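In what follows, a single structure is set out as structure tokens and then discussed.
The values are calculated or read from the model by the stated rules, or taken from the named source; none is laboratory data. Computed from a predicted model, the values in this text were never measured in an experiment. For neighbour counting, all protein chains shown are included, and Cβ atoms are generated from backbone atoms with ideal geometry for every residue, glycine included. All accessible areas refer to the heavy atoms of the entire protein, side chains included, with ligands and DNA or RNA removed. Shrake-Rupley method; radii C 1.70, N 1.55, O 1.52, S 1.80 Å.
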Amino acid sequence: MSTAIAKSFLKRLTLTVCVLSLGSLALAQTNTESRKEKVDWNKPIAVATIASIDRVLDDIDYIFSTVDKPEYPAMIKGFLAQYRNLAGLDKTKSLGTFVFLNEGIAPQAVVVGFIPVKSLDELTQTLGEVGFLLNPVEGKEDRYTLALPTFTVHIKMAHGYAFLHIKSEALDREFYNPDEFTSALAKEYDIAGSLFLSNVPQPMRMMAVDLARARVDEQLPQKPGEDDLKYKGRKETTLLMLKQFEQVAEDGNQLTIGYNLSKEKKNIQLHLGVKAQPGTPLSKEFEQLSKTSSQYSYLQADSAEMLGYTILPLRKEVEQKMILDLIEKSTRNIPPILLGDDANPGPVAKILDSLKATVGSGKLDGHIQMQQVGEKKVALLGAVKLSNGAQFQQGLQEFFDLTKQADDTKGVEGNVAEVEGIAIHKITPDNLKEDTKKLFGQNPVIYIGCSQDECWVAMGETESLELLKKSISTGNSHAQDRKQGTAFLLSFKLASMIPLAEENAKNPDFIESAKVAFASGGDLMTIYPKITADQASLNLEFGEGFIRLISLAIANRK
């Protein structure tokens, strides 16, 4: 359970945002008077906000500075100068929209915009110079109308903000200061949206759960042509996601989607997260997850051209059963001398018993990475945590010792190297496909070595042996550097993959732009979770090269 959230986190949050938003529009057949006692209808249930106009302009300056194109920000600033540089607005504060619920038996969602106003007189003059008239509403304090060419916008001033809607009655409420809902978001993100689950009435949240459950019930029946194992896996995964959705709807405090362009870190950051209400089962689950991590979370995202590590949950009746069935079938073609018998198990039997114990533990903890070892050539490295690893290690050694005594052992060589007491063995595969040779070189080999609790593998040309040794040594020396609350990570360096993709590229212009954008680095893309005692998030980061790529795409458009 502790690792299942990490696996389906993105799907869960996305589904939650969509369904709860729809649920807020549905009927809530509950007693109106009791709801009045519990619900503050003046609190928004959601907000979408931009940190500030000044921050947007700073971001635009930075984006085009990465490709030395100052004329584009100058063009935008020249355009704003025609409108008195938006005089009257407070360009240092957040602006955006709130979503409210109208009070009633069938509450409807109402979207109200808000913009920060520094001087109403200055704003009136700015609007007037472009032909828009801002007029006070007679008999209503702080109420105005803005006459636009095709419709009228109604405005209510409060807390230094102008609240806007096309219907006057939508503004007949006591607004909270937007700073209460946007200041924390503005500190973290340039653009963000939040769904305040704690402000959504409980009946509505449960109605959203009912809608999701009804949708799931439609999808659960076995599909034509779907075998029993796939059906069982799909069914259990769907029910697990529904259970997690229900937990977020019941115990969640806030869902947030955020975007930030960081000049300090020179990257783009995307965030999707959920915060739990204190003392709830969800917060307790987050607290438990925050103390767990992958065996390989000490690895740095930029340490390889491609890196991935994860704790993969294995459900007993789905993944465990499937893998154990494959192991059982594989024994049919193994020579009896390698399997042995119950009294004297052979080397392969020992290896398989360790694999079965690892699968039976309910999780796989491993990593895989690609390292560039030459132009258009890579090495593949991987490792996995083992249960009964000493048995695996013994069986592996016995296997290579036994094959050494055989007459035909072409391509198999034991004990070719040793690192920190771990024997490294070598296998040279034959009849490799051309695509494999293009990726790993003309003469790739496989190196394998195991300790009493871990197994490492490398595939590539002879350079991969040194990479494998380094990987083993790094793991032993940095095991204490594991990051808590990090169940998985996936990262890519795009520049190193361009030569591999260039031959089959369908868009040569994009490849050329990518070469320019990534020439000076910043090609790292990383996705990872971050889990603390009360919240969990999925995060995606793009290096500065991607910012240059966006800038070039704008500058080079025809």
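Please go through segment 326-347 and pick out each residue that is in a loop (DSSP other than H, G, I, E, B), of a type outside the set (A, V, I, L, M) and surrounded by 12 or more Cβ atoms within 10 Å (Cβ to Cβ). Even if it seems obvious, please write down each step before you answer.
Taking segment 326-347 first, the residues in a loop (DSSP other than H, G, I, E, B) are 334-335, 341-344, 346.
Cutting the leftovers down to of a type outside the set (A, V, I, L, M) gives us 335, 341-342, 344, 346.
Of everything in segment 326-347, just one residue is in a loop (DSSP other than H, G, I, E, B), of a type outside the set (A, V, I, L, M) and surrounded by 12 or more Cβ atoms within 10 Å (Cβ to Cβ), namely Gly346.
Filter segment 400-436 down to the residues that are open to solvent by 50 Å² or more (accessible area, probe 1.4 Å), part of a helix (DSSP H, G or I) and under 24 Å from Lys469 (Cβ atoms) and list them by number.
Asp401, Lys404
Can Lys140 be described as within 30 Å of Ala184 (Cα to Cα) and open to solvent by 30 Å² or more (accessible area, probe 1.4 Å)? Full working, then the answer.
On the way: within 30 Å of Ala184 (Cα to Cα): no; open to solvent by 30 Å² or more (accessible area, probe 1.4 Å): yes.
Taking the combined requirement at face value, the residue does not satisfy it.
Kindly indicate the residue of segment 452-470 that is assigned to a helix (DSSP H, G or I) and out of contact with any Phe, Trp or Tyr (no Cβ under 6 Å at 6 or more places or on another chain) and also least open to solvent (accessible area, probe 1.4 Å) among those meeting that condition.
Taking segment 452-470 and keeping what is assigned to a helix (DSSP H, G or I), we get 463-470.
Narrowing the set further to residues that are out of contact with any Phe, Trp or Tyr (no Cβ under 6 Å at 6 or more places or on another chain) leaves 463-464, 466-467, 469-470.
Working: Glu463: 72, Ser464: 1, Glu466: 111, Leu467: 43, Lys469: 52, Lys470: 139 Å².
So the residue we want is Ser464.
Among residues belonging to segment 262-286 that are closer than 30 Å to Gly521 by Cα and not in a strand (DSSP E or B), point out the one that is least open to solvent (accessible area, probe 1.4 Å).
Here is the first cut: in segment 262-286, the ones closer than 30 Å to Gly521 by Cα are 262-273.
Within this subset, residues satisfying the condition of being not in a strand (DSSP E or B) are 263-266.
On the way: Lys263: 92, Glu264: 156, Lys265: 138, Lys266: 109 Å².
Once the filter is applied, the top-ranked residue is Lys263.
Failed condition for Thr182, given (1) open to solvent by 30 Å² or more (accessible area, probe 1.4 Å); (2) in a helix (DSSP H, G or I); (3) touching a residue at least 24 places away in the same chain (Cβ under 8 Å), with all others met?
(1)
Give the residues of segment 425-460 that are more than 24 Å from Asn476 (Cα to Cα) and of a type in the set (Asp, Glu), sorted by residue number.
Answer for segment 425-460, where residues must be more than 24 Å from Asn476 (Cα to Cα) and of a type in the set (Asp, Glu): Asp430, Glu434, Asp435.
Only one of these is free of Cβ contacts under 8 Å to residues at least 12 places away in the same chain, over 30 Å from Arg205 (Cα atoms) and in contact with a helix residue (DSSP H, G or I) (Cβ under 9 Å, 6 or more places away or on another chain): Pro136, Pro70, Pro149. Name it.
Working: Pro136 fails: in contact with a helix residue (DSSP H, G or I) (Cβ under 9 Å, 6 or more places away or on another chain); Pro149 fails: in contact with a helix residue (DSSP H, G or I) (Cβ under 9 Å, 6 or more places away or on another chain).
Exactly one residue qualifies, and that residue is Pro70.
Return the total of residues in segment 59-78 being surrounded by fewer than 14 Cβ atoms within 10 Å (Cβ to Cβ), among the charged types (D, E, K, R) and either within 27 Å of the chain's Cα centre (by Cα) or over 16 Å from Lys91 (Cβ atoms) (or both).
Applying the first criterion (surrounded by fewer than 14 Cβ atoms within 10 Å (Cβ to Cβ)) to segment 59-78 yields 68, 70-71, 74-75, 77-78.
Narrowing further to those that are among the charged types (D, E, K, R): 68, 71, 77.
Narrowing the set further to residues that are either within 27 Å of the chain's Cα centre (by Cα) or over 16 Å from Lys91 (Cβ atoms) (or both) leaves 68, 71.
Matching residues across segment 59-78 total 2.
Just to be sure I understand, how many residues within segment 162-179 are among the hydrophobic types (A, V, I, L, M, F, W, C) and surrounded by fewer than 18 Cβ atoms within 10 Å (Cβ to Cβ)?
At the first step, the residues of segment 162-179 found to be among the hydrophobic types (A, V, I, L, M, F, W, C) are 162-164, 166, 170-171, 175.
Next cut, surrounded by fewer than 18 Cβ atoms within 10 Å (Cβ to Cβ) only: 166, 170.
Of the residues in segment 162-179, 2 are among the hydrophobic types (A, V, I, L, M, F, W, C) and surrounded by fewer than 18 Cβ atoms within 10 Å (Cβ to Cβ).
Can you name the condition, by its number, that Lys118 falls short on among (1) of a type outside the set (Gly, Ala, Ser); (2) free of Cβ contacts under 8 Å to residues at least 24 places away in the same chain; (3) open to solvent by 50 Å² or more (accessible area, probe 1.4 Å)?
Lys118 satisfies every listed condition except (2).
Residues that are surrounded by fewer than 19 Cβ atoms within 10 Å (Cβ to Cβ), under 22 Å from Lys385 (Cα atoms) and touching a residue at least 60 places away in the same chain (Cβ under 8 Å): does segment 489-509 have at least one?
Yes, segment 489-509 contains at least one residue that is surrounded by fewer than 19 Cβ atoms within 10 Å (Cβ to Cβ), under 22 Å from Lys385 (Cα atoms) and touching a residue at least 60 places away in the same chain (Cβ under 8 Å).
Of all residues in segment 287-317 being in contact (Cβ under 8 Å) with a residue 60 or more places away in the chain and among the charged types (D, E, K, R), which is least open to solvent (accessible area, probe 1.4 Å)? Give the steps one after another, and end with the answer.
Residues of segment 287-317 that are in contact (Cβ under 8 Å) with a residue 60 or more places away in the chain, as a first pass: 287-299, 301-313, 315, 317.
Filter once more, so that each one left must be among the charged types (D, E, K, R): 287, 291, 302, 305, 315, 317.
Working: Glu287: 83, Lys291: 136, Asp302: 90, Glu305: 32, Arg315: 56, Glu317: 82 Å².
Looking at residues that are in contact (Cβ under 8 Å) with a residue 60 or more places away in the chain and among the charged types (D, E, K, R), I get Glu305.
Just for segment 365-388: of the residues that are of a type in the set (Gly, Ala, Ser) and at pLDDT 90 or above, which one is surrounded by the most Cβ atoms within 10 Å (Cβ to Cβ)?
Step one: list which residues in segment 365-388 are of a type in the set (Gly, Ala, Ser), which gives 366, 374, 379, 382-383, 387.
Filter again for at pLDDT 90 or above, leaving 366, 379, 382-383, 387.
Values: Gly366: 21, Ala379: 28, Gly382: 20, Ala383: 26, Ser387: 17.
Looking at residues that are of a type in the set (Gly, Ala, Ser) and at pLDDT 90 or above, I get Ala379.
How many residues, within segment 446-458, are in contact (Cβ under 8 Å) with a residue 40 or more places away in the chain and either more than 22 Å from Leu432 (Cα to Cα) or touching a helix residue (DSSP H, G or I) at 6+ places or on another chain (Cβ under 6 Å) (or both)?
Residues meeting the conditions: 8.
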